[in-house]
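A short write-up of the structure that comes next.
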Amino acid sequence: MNDWRDARVYPRPWAGPKAFAWEFLRRNAEYIADWERFGWEPSDDDDARKQYYRTANKWGLEGFWDPSRGVGGQPLGIPGPYWLTDSARVSMPGAGSDHLTAEGRLRTGKVALSFDLKLPLAPQIKSATEFLRRLKQRWVRKHPRWSRKASARVRKSNRSGFVEMLRILDAESEGATPAEIIAVLWPGQHNDHPYYPLRRRFRTRLRTARAYRNRKYRQLPMEHTFDWPGAPKRKIKASG
């Protein structure tokens with residue numbers, strides 16, 4: 001992977017969610033093993049092709065991408081890999097699913113609706129949108145920690161530390177000690193008794209980094225905003 005001591009070889013903080021999702025995934029040992037098994041192109045054999053795409057889809061990708069290819073110091077996203085579209089998140093509930101009950105909707109935060117394809121879709125979609133909006137308001141009141149404000153704080157906090165998390169993962173794989181990592185990532189900062197704030201920050205970053213590498217990266221491509229903290233502002237020239 002990258003030289004974890006040099007922040008310049010890592011993505012910029014505003015590189016975008018898909019870029020960071022890939023940076024975490026390409027450090028996943030199971031993904032690397034699948035890549036070594038399948039490689040770039042699917043086989044000509046039908047069964048092997050199905051297995052290729054099935055395995056790639058498991059990681060949220062349309063096809064495999066070489067894990068040695070990182071974003072590096074590029075300021076914006078990368079030309080690949082290609083992620084599955086958001087529609088892949090839609091799932092059909094089973095007959096006994098809580099999605100189908102009013103109580104389950106508020107308990108699990110998931111909902112299933114039915115549409116009649118024999119009737120015009122536009123008024124059905126309008127009605128469903130209003131229903132979901134009211135249901136979302138009720139659900140957020142019942143689960144305040146998932147409010148937009150609270151979620152935004154979590155996302156902003158994670159984004160500001162993504163580069164640090166990647167460097168910690170690479171340092172860990174190289175065998176660096178926590179003390180060495182802290183000294184490089186946060187030089188000159190105090191870490192005195194009784195609170196040891198840098199040790200706590202390191203442990204939190206490491207725990208979160210492992211979560212993104214193992215599974216949580218799948219949440220990142222689904223975020224559509226690229227207006228991240230620290231992103232350069234784009235000037236829009238007035239026309240007319």
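The values are calculated or read from the model by the stated rules, or taken from the named source; none is laboratory data. Treat the numbers as computed from the prediction; the structure is a model and nothing was measured. So basically every Cβ, Gly included, is an ideal-geometry build from the backbone, and we count neighbours across all protein chains shown.
Structural remarks
- One residue from Q219, Q124, Q189 being over 23 Å from V71 (Cβ atoms) and either modelled with pLDDT of 85 or more or assigned to a helix (DSSP H, G or I) (or both): Q124
- Of all residues in the stretch 34-49, those satisfying the criterion of being surrounded by 11 or more Cβ atoms within 10 Å (Cβ to Cβ) and not polar (S, T, N, Q) are D34, W35, R37, F38, G39, P42, A48, R49.
- Pick from the stretch 1-55, criterion assigned to a loop (DSSP other than H, G, I, E, B) and among the aliphatic types (A, V, I, L, M), ranking: farthest from the chain's Cα centre (by Cα): M1
- Annotation note: Cβ proximity below 6 Å between a residue of the stretch 97-124 that is acidic (D, E) and a residue that is surrounded by 10 or more Cβ atoms within 10 Å (Cβ to Cβ) (sequence gap 6+ or interchain) occurs for D98/G104; D98/T108.
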